[in-house]
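Structure first, commentary second.
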Amino acid sequence: ELKLRLFVLRATCHQAVADAMAGVELGAEASLMKLRGSELQQDIAEAMVDALGLAGIVYDARDLAGMGEDPGFGPFEAPGILKDHLHGRAATIYGGSNEIQRNIMAKLALGL
């Protein structure tokens, strides 16, 4: 499902770029792409946390910076995935909250 959603988002972005380059006025596309992109980012990060389990828990900052001991289990890239997931939750806030983006799309669609 995540792969399909990413494919659709990429296709939407490519179409929006092509439309913009052709001089077509973009409406709610930017808000839609921001909304779908931030939600997809969160869902991918959540799936990674679920898949990694304990291996994704944040370790000592020295370990993350490569100055400490090797965590000893899980994939090399796993430490910090939970931190990245929690930080990524802010993606629905920066650039306009998802609720605001939905309002923008509704106003554009209804011509308000």
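Derivation of every value follows stated rules applied to the coordinates shown; laboratory data play no part. Predicted model, so just to flag it, every value in this text is computed and none were measured. No Cβ is skipped: glycine too gets one built from the backbone with ideal geometry, and neighbour counts run over all protein chains shown.
Assorted remarks:
- Placing dummy labels 7 Å off each Cα toward the beta-carbon, the span from LEU86 to ALA16 is 3.0 nm.
- The fewest-to-most ranking of ASP43, ASP50 by surrounding Cβ atoms within 10 Å reads ASP50, ASP43.
- At R0 = 22 Å, FRET efficiency that the Cβ-Cβ distance of LYS3 and LEU26 yields, to 0.05: 0.25
- Cβ-Cβ FRET estimate between LEU40 and ALA106, R0 fixed at 25 Å, reported to 0.05: 0.75
- As a rough footprinting exposure proxy, the listed residues ARG102, ARG10, ARG36 were ranked by other beta carbons within 10 Å of their own, and the order from fewest upward is ARG10, ARG102, ARG36.
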